[in-house]
Amino acid sequence: MIRKLCTILLSAFVAVSAMAQSQDTTGKECATFGPQKGQWEISLGLGKSGSFYNENNSFLLPNITPGGGSVGLPNGGTTASGYLNPYLNINGFNNNSLVNIVGVQAKYFFQDCWSLSFSGGLNTSITPKKDYIESTEILDEPNISLPEQKYINAQTTNNWYVNVGVERYFKTKNTRIHPYVGGTVGFQMARVDVREPYTGKYVTVDGDIQVDEQVYVPAGKVGQMYGIKAAGVAGVEYSFTEGMFIALEFQPVAYRYDVIQIAPQGFDHYNLSHHNIKFIDTPMLRLGFRF
């Protein structure tokens, strides 16, 4: 579906570009293709951004058992321990895809050559709890019983980001081409909160006494991670018409600081931090319009 959408968008821009070139030859030399004060710009990004954390954040939940369990990341104590990039969705230079839709960006031009950019996204999932129901035998029918019903944890997950930036555009001899440079700062966060209902699990103590497992294991589990990023931005726009354009953009240098927190109920927090510095990061293609 994404490939088809990208193909349709690219085909539309190529067709519009061809129409624009034919109109230029008929005497429309006074068209203004560059941004102007008071205009808005909306664009769809294709490539990669790293703004969103991975959607599967189950590794943020501690593994607590009546016997002790463990709190930490799955790679702790292994040869991969200390390599946090997969958990933080920090990709290498070779992991990129033009058919990946990064998100939508909005820009407002407060001057002819100066703009403020905004982008963000939110993904929230809420699952209500369901208690465990034991199987029930039917009286006078020893071979027939109602099946048990498994429990479902009450779980809430949030994954969101927001970016704000400023860009300076430059004029060239070609009125359709406008390079720009600027900077951006962003914040991203992922959080998962789990509460166990009645699970039907018991712990045997003193040989024959069964006690609900939640007496020894906390029912609540919380894990979260957040990151702060600052980066330079550089790119160039090519206008097909007065209101439609395509842009190639990247970040010459970017710095990101992330924190991972795992918080089992009733225990100390497990905290990790991570620094990442990149040069020539997050190349992407933007398709958009200006009005």
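The values are calculated or read from the model by the stated rules, or taken from the named source; none is laboratory data. Everything numeric in this text was worked out from a predicted model, so none of it was measured. All Cβ positions, glycine included, derive from the backbone under ideal geometry; neighbour counts span all protein chains shown. For accessibility, only protein heavy atoms count, side chains too; no ligands or nucleic acids. Shrake-Rupley method; radii C 1.70, N 1.55, O 1.52, S 1.80 Å.
Computed from the Cα positions only, the extents of the range 202-291 along the three principal axes stand at 80, 27, 18 Å, in decreasing order. Between the amide H of Gln265 and those of Gly220, Val222, distances stay under 5 Å, these residues lying 5 or more places away or on another chain, with hydrogens modeled in the peptide plane.
Which percent of the accessible heavy-atom area of the range 178-236 goes to carbon and sulfur, probe 1.4 angstrom?
Its accessible area is 57 percent carbon and sulfur atoms.
For the residue pairs Lys171/Lys278; Lys37/Lys173; Lys37/Lys278; Lys48/Lys173, alpha carbon separations beyond 23 Å are given by Lys171/Lys278; Lys37/Lys278; Lys48/Lys173. Here the label points at Val104 and Glu55, each 7 Å from Cα along the C-beta direction, are separated by 1.9 nm in the simple model. Here's the list of lysines a cross-link from Lys129 could span, going by alpha-carbon distance under 27 Å and ignoring same-chain residues fewer than 8 apart: Lys150, Lys201, Lys221. Proximity of backbone amide H atoms, modeled 1.01 Å from N, is registered between Gln39 and Phe109 at under 5 Å, excluding neighbours fewer than 5 places apart on the same chain. Derived scalar couplings between HN and Hα for the range 235-241 equal x, 9, 9, 10, 8, 6, 9 Hz in order, rounded to whole Hz, by the Karplus curve 6.51 cos²θ - 1.76 cosθ + 1.60 (θ = phi - 60°), x for Gly and Pro. Compared with the alpha-carbon gap, the fully stretched path from Val259 to Met189 is longer by 24.2 nm at 0.36 nm per residue. The modelled label-to-label distance between Gln36 and Asn158, using points 7 Å beyond Cα along the C-beta direction, is 4.2 nm.
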